[in-house]
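Asker: Please read through the structure below; I'll follow up with questions.
The values are calculated or read from the model by the stated rules, or taken from the named source; none is laboratory data. Since this is a predicted model, take the numbers as computed values, not measurements. When we count neighbours, we look across all protein chains shown, and the Cβ atoms used for this are built from the backbone with ideal geometry, even at glycine.
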Amino acid sequence: MTTQENVRNAARAQALKAEHEALKGEIDAREESFELATEMCTAMEQTAWIRDKEVMIQAGDTGRDYEHCQALQRNDDVDSDMRVDDTRIKTINTLAEKTD
């Protein structure tokens, strides 16, 4: 290899390294945007879930008689989304902290 070839190879390597760094920066920026979009989507889902619960609470449907109460309870058992669990509350609190 001649000196000129070495210089050209070094210049190409430097250009590739710069392009690689630029692409890494682009990937990092897109990853950050994706994470933010995912968190926003989760927050919107949690907000809709909370609104559904508020509507249920405002409806105040506690049952007209024993059979109606049992039917309401069965609906709650079938639709596990209607249950409030620690994981959902922690998710909501984490999202709230990130938005502050």
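Asker: Given (1) surrounded by 10 or more Cβ atoms within 10 Å (Cβ to Cβ); (2) modelled with pLDDT under 90, where does residue 58 come up short, assuming only one miss?
Answerer: (1)
Asker: Follow-up question, since we're still on this one. Which of (1) modelled with pLDDT of 90 or more; (2) β-branched (Val, Ile, Thr); (3) not in a helix (DSSP H, G or I) is the odd one out, the single condition residue 27 does not satisfy?
Answerer: That leaves (3) as the condition not met.
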